[in-house]
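For reference, the structure is listed below as structure tokens.
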Amino acid sequence: MYVAARGGEGAIQNAEALYNDLKAPIDADVVRAIERTMPYLIDRVMGEGSLYAPELAALALAQTGGDLYEAVLILRAYRSTQPRLAYAEPVTTKMLFTVRRISAAFKDIPGGQVLGPTLDYSHRIFQLDVLDGKAAATATFTPDTPDAPEPVQPVAPREYPLVADWHRMAGLMAPLEKHADQDPSDVPDVTREPLLFPAPRAERLQSLSRADTGGILALGYANMRGYGAVHPTINELRLGYAEVQVRHPISGDLISLGRVRVSQAEIVTHFANSATGVFGANKEKRQNHKEELALGFAATMGWNEIKVIAAAMLDKAMDLPAPHPAHTEEFVLYHTDPVEASGFCIHYKLPHYVTFASGMDAMRGANQIAGDEGKSVSEQPEAELVAEAQE
């Protein structure tokens, strides 16, 4: 049982004023500066907030002083007030304008490794000169010296082939199942419908897409360390821009509304048979089972590589028997939603006087029945406990 907090309106306003006093005033310039200088943080808020709106994500961060959970809550709450005007056409991986595409499974892949924007191969050191008022040094490459290599391919290809297609052609992975074309409006939507278990694949991938990055990483890392059954290899990781296309309501023609940043990951793991979950490393159980690679997939709005790698691994783990919580669909999807999880945690700050007092009464009654001798602390009236604490 929960009770409402009662107090003076002035106290509540002063509490909010103290909170706002911890950060500088915000204006349009501050919001634009956050949007320009923290694109990956903006992407994380948009992905977990289920709304692609960089300016609003920056405003949410500025308004909440950088509290990620509050920013995601504000963005989701705003999203729930907006009408749905149309359904975009499906976007395939080959349709992405890819700017980063790597594979850890092979040194050379069809189309080549494309490093794109990343700090993976750079030193993690402070640029302390910035604190002295100097501009941050940025790495640039201009092939203007005689020894500089000539660009092999000055124009990037429009499409890159899928690494998973090569596996399928080689017989190392089960072929894709053929499905009838589905109207986008018929796809289950976790933002409008309650999540039920077992969840359809569409709901699972949507939930992973907007899950808390830290929660996904914690469960994924636990699985990778051996508490689960999936030790992944990144088959393909992509960052790119997806073109959002909708049907014109009158002509029916496809029109483009612009591009959004997206990231996706495919991981592979070695099973003897992905349907039975028998591991290829177990020679006794490998008999009469076809060796093949099992694929896990995840995608999200914005560029968030860590999240999609861990989420793709959990996507595959949830298909297996459940010796570990990270294999349990309900455990993973329920406990990685940032708004649900943070909201439940925050609610403990609300008054729980009635429930706690009831527990105290039960404790005193149990002690009395047990025949405790003497006056124990638990038997003291609450007023006496408060007085002693104040002294």
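The values are calculated or read from the model by the stated rules, or taken from the named source; none is laboratory data. Keep in mind that this is a model prediction, so the values were computed, not measured. Positions of Cβ are generated from backbone atoms using ideal geometry, with glycine treated the same way; all protein chains shown enter the neighbour counts.
Here are the numbers for this structure:
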quantity	calculated
All positions within the range 342-391 that are small (Gly, Ala, Ser), touching a helix residue (DSSP H, G or I) at 6+ places or on another chain (Cβ under 7 Å), assigned to a helix (DSSP H, G or I) and modelled with pLDDT under 80	Ser378
Residues satisfying the stated conditions in the range 72-87, i.e. modelled with pLDDT of 90 or more and either under 15 Å from Ala265 (Cβ atoms) or in contact with a helix residue (DSSP H, G or I) (Cβ under 8 Å, 6 or more places away or on another chain) (or both)	Val72, Leu73, Ile74, Leu75, Arg76, Tyr78, Arg79
Some residue of the range 119-128 being out of contact with any helix residue (DSSP H, G or I) (no Cβ under 9 Å at 6 or more places or on another chain), surrounded by 15 or more Cβ atoms within 10 Å (Cβ to Cβ) and assigned by TED's automatic domain parsing to the domain that holds Ile306	no
Test: residue in the range 287-298 that is at pLDDT 85 or above, surrounded by 18 or more Cβ atoms within 10 Å (Cβ to Cβ), more than 19 Å from Thr191 (Cβ to Cβ) and out of contact with any His (no Cβ under 9 Å at 6 or more places or on another chain)	yes
Candidates His167, His179 - the one that is within 30 Å of His270 (Cβ to Cβ) and modelled with pLDDT under 80	His179
Residues of the range 21-65 that turn out to be touching a residue at least 40 places away in the same chain (Cβ under 8 Å) and exposed (fewer than 14 other Cβ atoms within 10 Å of the Cβ), as a count	3
Test: residue in the range 312-328 that is of a type in the set (Val, Ile, Thr) and in a helix (DSSP H, G or I)	no
Some residue of the range 178-193 being out of contact with any Asp or Glu (no Cβ under 6 Å at 6 or more places or on another chain), farther than 20 Å from Met313 by Cα, among the polar types (S, T, N, Q) and without any contact (Cβ under 8 Å) to a residue 12 or more places away in the chain	yes
Among (1) at pLDDT 85 or above; (2) surrounded by 13 or more Cβ atoms within 10 Å (Cβ to Cβ); (3) not in a strand (DSSP E or B), the one test that Arg259 misses	(3)
Test: residue in the range 311-320 that is in the same structural domain as Gly214 (by TED's automatic domain parsing), modelled with pLDDT under 85 and within 17 Å of Met224 (Cβ to Cβ)	yes
